[in-house]
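Take a look at the structure below.
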Amino acid sequence: LCTGILLPAPNVQAQMVSGRISGTVVDPANAAVVGAEVVLLNERTGESSRRQTNDSGNFIFPLVPPSSYTVTVSSTGFTVYEKKGLV
């Protein structure tokens, strides 16, 4: 019979899995669309994030957890663009 043995706690480190969603918004003439609103909707949780495109028409959503997302892009004078997919 053995009593009083202490074992060290396991060395557990949290692992964060994520990706990013980025892109460039351009018009039919391939010119950057500045200030377009880009909305990222997590289809599983219902959470959304918003960004505006920069002077080059670029946007980025960093540290996006794996899920199914809808990206919606809108800007005055343009048709709304929507894309669904998995990250």
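The values are calculated or read from the model by the stated rules, or taken from the named source; none is laboratory data. None of the values given here were measured: they were computed from a predicted structure. We place every Cβ from the backbone using ideal geometry, glycine too, and count neighbours over all the protein chains shown. Just so you know, the surface numbers come from the protein's heavy atoms only, side chains and all, with ligands and any DNA or RNA stripped out. Shrake-Rupley method; radii C 1.70, N 1.55, O 1.52, S 1.80 Å.
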Checklist entry - When residues of region 74-87 are filtered for being surrounded by 13 or more Cβ atoms within 10 Å (Cβ to Cβ) and within 12 Å of ILE21 (Cβ to Cβ), how many remain? => result 1
Next on the checklist: For the condition part of a strand (DSSP E or B) and either open to solvent by 70 Å² or more (accessible area, probe 1.4 Å) or closer than 15 Å to LYS83 by Cα (or both), what is the one hit in ARG44, ARG20?
Outcome noted: ARG20
Item to check | Exclusive hit being over 9 Å from the mean Cα position of the chain (by Cα) and open to solvent by 30 Å² or more (accessible area, probe 1.4 Å), set ALA36, ALA31 | outcome: ALA31
Checklist entry - Which of the residues belonging to region 53-73 are outside any strand (DSSP E or B) and modelled with pLDDT of 95 or more? => result THR53, ASN54, ASP55, SER56, GLY57
